[in-house]
Structures are given as structure tokens and as C-alpha cells.
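S.K.: Sharing a structure below in C-alpha cells format, with a few things to ask.
The values are calculated or read from the model by the stated rules, or taken from the named source; none is laboratory data. Quick caveat: nothing in here was measured; it's all calculated off a predicted structure. Backbone-built Cβ (ideal geometry, glycine too); neighbour counts: all protein chains shown.
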2 protein chains.
Amino acid sequence: MSEIQKNLVDKNTEYSAAFTKGHLALPPAKKYLVLTCMDARIDPAAAYGIDLGDAHVVRNAGANAKDALRSIVISQQLLGTNEIILVKHTGCGMLTFDDDVATGLVEKNLGAEAKEALGAFGGDFKTFPQLEDAVRDDVKLLKETPLINDEVPITGWVYEVETGKVRQVV
Amino acid sequence: MSEIQKNLVDKNTEYSAAFTKGHLALPPAKKYLVLTCMDARIDPAAAYGIDLGDAHVVRNAGANAKDALRSIVISQQLLGTNEIILVKHTGCGMLTFDDDVATGLVEKNLGAEAKEALGAFGGDFKTFPQLEDAVRDDVKLLKETPLINDEVPITGWVYEVETGKVRQVV
């Protein structure tokens, strides 16, 4: 067992020993979904004030809206959520490279077969050159898709990894 | 401002006032990635023992591996992670419906245009009928894809929302 796996087991043993929330229902109690980045410096529950059981939390590289559409549709149509909070963040890795750089690294490190396998997600890493614009673009995408009811409030925010603060963009 | 948005601002004001982790680096300190479900009853940081800055956390409906491939490649090739912990969970919504049910709901609630827009993710909701099999299938997918180095340890776990406990499947 690796150190990482051992850490999971040890910390979870402590967590479950004090666990008192086994009664929570499947649908999120506060009926909302948070979409944010996978970045290691973000703890959505703590930083965004999400109590256990209250909200779906979707995370991927860059808090990308298109990547999250399947999860969002399931959240809303099957589990009754009706508000979306989108949070990207300062210092995001997605601001630091582009498809050519990423594709080149994949080919160099993993070979030609891996480069071809990027087709699994269209070879599109969904990077972005400017943070606030990316928030606005993704909120626009969510507001325009027919997959989300027009009544659903959708707001876009930035989380500052340097200060722990959120601020609304749109 | 909605109650949900107000909660975000209020709780984040408290969080940021006590924030002391603005110095953390972009690459995850412990070089691993956790893939888990968006389910509201899961707090990965607390339940899986992830300290701020230590790991990428990817979340989607069902902790689906294929959906997470873009994020995983970025995590490993751009940000240096080299271990994957995949955690699905008991009581998952993905065990309770199938593509026909979901597609029917989308058409009924959002109309024919929305049904067509499901093509954005191939109309595939990635549900699964059995939990442990789904863990094994997704670990297999990650072990077999050329997009992940063969040396990367990949383990599959189940989190019990009733008890707060994790157990290893594969």
C-alpha cells in the first residue's frame, strides 16, 4: 500500500469514527450545484461555505462548463438542483499552457499512441488565456445551452488562491 | 442576490478572514489526484484526508473515469501528479436511472431542442447498474488508456455515505 493510500485509510478511519451524517438524503438539500477547478489549493466546502448534503460539487481542470454538462443535466433533471455557482480561480494552471504544449508533452512522455488517444476528448484541453473572460464565456455557454432551464440562476465568480477570497464576475 | 449566493459571500468572508495558505504552490504537494462523485454527501478533503494543496480533486456525476480523462492528463503531464485514487460511493444516483429515463426527462422538461443538444456528450449519461463492478471497470479503463503512464498506481475504492467509511475494491 502506497503512502497516499495509507493516508486515505488512516485519515478516513478518524473521519468515520466521528461521523454522524449517515442520514442525509441523496438530493442536495439546498438544491444547487457548484462547478469549480480541481486545483489542489481549493477546498470548496470550507472556502465556499457548503455544508455536507447541501450541494453537488463538480470539479475539473479549469472549472470547464462544457466538460461539466453531463453532470449538470443529471444534477438538475434527476436530482432537482436549480441554481449554478461557477468558480474559476487566480493562478489557474489553464492560464499557463495551450493545446500545442500539452499535446507535445503527451507525445514526448507517452508516445504516438497516446497522442492519438487524445481524440477521447477531441484533443481539446480547454485552456484559457484570460481568467475573467473565461468565467464570462462559460456562464454564457451555460445560459445559452438548451440543456439548462432558463429560470436557473447562473453566476460566475473568481476565487483568489492568494487571499482565500471570492469575488463575483458575472 | 439569491440566498445561495449570499451564503457563498458570507461564509467566504469568514473563511478568508482566517486564511493563512496563500503561499501554496500550483502543483499538488503530494502529487496525486482523487476522482470522486459530485454527490452532496461527500466532503473529499475531510473524508479522504486531503490537506489543502496536496492533491487534485476531480468530481463529476458517478466519478466517471472517461469524463475525467482531460483533467487527469493535465494533472499528470502539466502538473506532475503520479498516483490516482478513484472513489465511487454507496447510494449513488447513477445506480437509480438509465439513459432512456434521463433522455425522457430532458425531453419532457426542456423540449426537443434539449434532447438534440444531449449530443454534446453523446447522449451518454454514464450510469451504472452495480457499484463495485463500476469501480473495477473504471480502474481498468484508466490502467489501459495510453494517456496514463503504466507506472502510475491506480486504486479503486467505495465510500459509504451511511457510515463515512472507505473500503478498497481494487
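S.K.: Can you tell me which of A:87, A:166 is β-branched (Val, Ile, Thr), touching a Cys at 6+ places or on another chain (Cβ under 8 Å) and closer than 22 Å to residue A:45 by Cβ? Give the derivation first.
M.R.: Numbers: A:166 fails: touching a Cys at 6+ places or on another chain (Cβ under 8 Å).
Checking each option against the conditions leaves just A:87.
S.K.: Within segment A:49-83, how many residues are over 24 Å from residue A:122 (Cβ atoms), more than 7 Å from chain B (Cβ to nearest Cβ) and small (Gly, Ala, Ser)?
M.R.: Qualifying residue count, segment A:49-83: 1.
S.K.: Would you mind finding the one in A:117, A:46 that is within 24 Å of residue B:46 (Cα to Cα) and either among the small types (Gly, Ala, Ser) or more than 7 Å from every other protein chain (Cβ to nearest Cβ) (or both)?
M.R.: After ruling out the rest, the residue left standing is A:46.
S.K.: Another question, then. Filtering segment B:1-41 down to residues that are of a type in the set (Lys, Arg) and within 17 Å of residue B:52 (Cα to Cα), which residue is surrounded by the most Cβ atoms within 10 Å (Cβ to Cβ)?
M.R.: The qualifying residue surrounded by the most Cβ atoms within 10 Å (Cβ to Cβ) is B:31.
S.K.: Under the condition of being within 7 Å of another protein chain (Cβ to nearest Cβ) and assigned to a helix (DSSP H, G or I), which residue from segment A:11-32 is nearest to residue B:91 (Cα to Cα)?
M.R.: A:16
S.K.: Based on what the data block shows, is residue A:125 touching a helix residue (DSSP H, G or I) at 6+ places or on another chain (Cβ under 6 Å) and at pLDDT 95 or above? If you could, list the steps in order and put the result at the bottom.
M.R.: Values: touching a helix residue (DSSP H, G or I) at 6+ places or on another chain (Cβ under 6 Å): yes; at pLDDT 95 or above: yes.
So residue A:125 fits the description; yes.
S.K.: For the structure I just gave you, tell me whether residue A:164 is crowded, with 16+ Cβ neighbours inside 10 Å, in contact (Cβ under 8 Å) with a residue 40 or more places away in the chain and in a loop (DSSP other than H, G, I, E, B).
M.R.: yes
S.K.: Please work out if residue A:70 is surrounded by 24 or more Cβ atoms within 10 Å (Cβ to Cβ), among the charged types (D, E, K, R), touching a helix residue (DSSP H, G or I) at 6+ places or on another chain (Cβ under 9 Å) and under 20 Å from residue A:143 (Cβ atoms).
M.R.: For residue A:70, the condition - surrounded by 24 or more Cβ atoms within 10 Å (Cβ to Cβ), among the charged types (D, E, K, R), touching a helix residue (DSSP H, G or I) at 6+ places or on another chain (Cβ under 9 Å) and under 20 Å from residue A:143 (Cβ atoms) - is met.
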